[in-house]
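The values are calculated or read from the model by the stated rules, or taken from the named source; none is laboratory data. Because the structure is predicted, anything quoted here is derived from the model rather than measured. All Cβ positions, even for glycine, are placed from backbone atoms using ideal geometry, and neighbour counts span all protein chains on display. For the accessible areas, the whole protein counts, side chains as well, though only heavy atoms, and no ligand, DNA or RNA atoms are used. Shrake-Rupley method; radii C 1.70, N 1.55, O 1.52, S 1.80 Å.
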Amino acid sequence: MPDSEDLTSCSSFTGIRIKVESQQGATADEVVAVTPVDDGHYLVRLSPGFCRGIAAGDVIAYDERNKSARVVERGGNIAVQVFHARVPADVIESFKGNAATIGGRVDGELESLVVLTFPVRVGFPSIESLLATLPEDGVEWEYGNVFDEQGEPLTWWKDIA
């Protein structure tokens, strides 16, 4: 498995469409950056912004017909999505720099979203301390691959050496 810094260096990304559903029930496709591993399996290169349960470094089985994916091997990374509104650009830029300082990286960005990937060795306390530096007003964040649909911890990180 490539280490987290190697995941973004590959120029042979391809995109697969994974169906995502909002809390209100609306559906859309998110294009997730991957590299084929073998028949129907892909290495996720960048943590997605809306797909739940996967992060950069994971190997997924992809069902093209249903536009769904399931993790077959964890890559040891934590995905974090930070949704922000009315937060000054310099605050977001500083936040992204501080994420890099503790070992994270920015995997994607939209006008009001920053997608981050952290190796699990960074630890939840460090990630949450970083997130606590953001203003409370206008910011919501969530882990992308830490909880299941019922809000229960997936605990995959306990198996990472």
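Evaluate the charge dipole of the range 48-161 about its Cα centre and quote only its size in Debye, nearest 20, assuming +1 on the Cβ of each Lys and Arg and -1 on the Cβ of each Asp and Glu. Display every interim value, and only then the final one.
Working: 10 positive and 18 negative charges, 70 e Å.
Its charge dipole is roughly 340 debye.
Solvent-accessible surface (1.4 Å probe) assigned to residue 59 amounts to roughly 20 Å². Dimensions of the range 122-161 from C-alpha coordinates, computed as largest minus smallest value along each principal axis and given longest first, are 34, 24, 11 Å.
Across 121, 52, 74, mean-square fluctuation computed from a Gaussian network of the chain (C-alpha pairs under 10 Å connected) peaks at 121.
Mean separation of Cα pairs under 8 Å and 6+ residues apart, divided by the residue count of the chain: what relative contact order is that in percent?
Across the chain, relative contact order equals 20 percent.
Below 11 angstrom from the Cβ of residue 83, what's the summed charge of the other residues (Lys, Arg +1; Asp, Glu -1)? My count for the surroundings of residue 83 gives -3. Per residue, the chain exposes 56 Å² of solvent-accessible protein surface, assessed with a 1.4 angstrom probe and all protein chains in place.
Excluding residue 149 itself, calculate the net charge of residues whose Cβ lies under 12 Å from the Cβ of residue 149, where each Lys or Arg counts +1 and each Asp or Glu counts -1.
Numbers: positive: 52; negative: 21, 148, 152.
Combined, the nearby Lys, Arg, Asp and Glu give -2.
Given in Å, the Rg to one decimal and the Dmax to the nearest whole number for the Cα atoms of the range 25-72 are 10.3, 33. In the range 93-161, the inverse of the mean reciprocal separation of distinct Cα atoms equals 13.2 Å; this is its Kirkwood hydrodynamic radius.
Counting only protein heavy atoms and a probe of 1.4 Å, the accessible surface of the range 62-119 is 48% carbon and sulfur. Between 0 and 90 degrees, the angle of helix 89-101 with respect to the longest Cα principal axis of the chain falls at about 60 degrees. Compare 16, 78, 102 in a GNM of the chain, Cα atoms joined below 10 Å, and give the one with the largest fluctuation. The residue that fluctuates most here is 102. Among 48, 101, 125, flag the residue with its Cα farthest along the positive direction of the charge dipole of the chain, charges on Cβ as +1 for Lys/Arg and -1 for Asp/Glu. Towards the positive end, the residue furthest out is 48.
Which three numbers, in whole Å and largest first, are the semi-axes of the equivalent ellipsoid of the chain derived from its Cα gyration tensor as √(5λ)? Show your work: numbers first, answer last.
Values: eigenvalues 118, 66, 49 Å².
Semi-axis lengths for the chain are 24, 18, 16 Å.
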